[in-house]
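In what follows, a structure is listed as structure tokens, so that the remarks can point back to it.
The values are calculated or read from the model by the stated rules, or taken from the named source; none is laboratory data. Source: prediction; values computed, not measured. Virtual Cβ from ideal backbone geometry, glycine too; neighbours counted across all protein chains shown.
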């Protein structure tokens, strides 16, 4: 489809990629508390799609779907930050779980079981499972959202730049996206209990939602969510020195 000037008309992309906006919003919603409205995420995502449409160049190596996905997720994350949607109490609970996992890991000399983590928290197993649901969505960061694809750069790039709070030669984004970090991440995933590693594989590689994962694992969706949240928290503990 072309304009009167003979250039490619990209306006049709807005409508045809609206389902992508909803898909990304629903995926992110699965890791957020019930107080967050899906419609708010979709609206923010549409703004990201419009931004992608305005910035996209047809001759770039990246596909529009890839480019738009980054912009949509970034816009939704910006909206969540503006909403300050995670209460301080929930953030504190998430840190407590991380500390308990770390403590139980040191004591056991391996990845601790759920009962061991619950004991480190002085909780029953049921109480610990409830806490895992409560801290859902505390960490929403995508590697591609940290990349800069415009002149201004991402907020992370700006903070890392000399004179902006960062140190010359100390680039946290390069460290995060570099081969060393990917190796550390792969190693950390290898230390997860098999079931939790499988949940991450199904969610991030197979693009399954939690209900589908629950069906594969023959558990209920709430249990699948607990396993996902626990796996992410374990990874944060294992990678504490680099994130």
Odd one out for residue 164 among (1) in contact with a helix residue (DSSP H, G or I) (Cβ under 7 Å, 6 or more places away or on another chain); (2) surrounded by 13 or more Cβ atoms within 10 Å (Cβ to Cβ); (3) closer than 30 Å to residue 68 by Cα; (4) at pLDDT below 90: (2)
Candidate set from segment 84-114 (those that are in contact with a helix residue (DSSP H, G or I) (Cβ under 7 Å, 6 or more places away or on another chain) and in a loop (DSSP other than H, G, I, E, B)); member that is surrounded by the fewest Cβ atoms within 10 Å (Cβ to Cβ): 111
Lone qualifier among 117, 76 - being surrounded by 15 or more Cβ atoms within 10 Å (Cβ to Cβ) and either more than 23 Å from the chain's Cα centre (by Cα) or not assigned by TED's automatic domain parsing to the domain that holds residue 16 (or both): 117
Matching residues, segment 193-226, being crowded, with 17+ Cβ neighbours inside 10 Å, without any contact (Cβ under 8 Å) to a residue 40 or more places away in the chain and closer than 12 Å to residue 30 by Cβ: 203, 208, 213, 214, 224
The listed residue being over 26 Å from residue 238 (Cα atoms), assigned to a helix (DSSP H, G or I), modelled with pLDDT of 80 or more and in contact with a helix residue (DSSP H, G or I) (Cβ under 8 Å, 6 or more places away or on another chain), out of 77, 41, 14: 41
Count - residues of segment 58-74 that are modelled with pLDDT under 90 and closer than 18 Å to residue 16 by Cβ: 11
Condition met for residue 192 (part of a helix (DSSP H, G or I), within 20 Å of residue 104 (Cβ to Cβ) and modelled with pLDDT of 90 or more): no
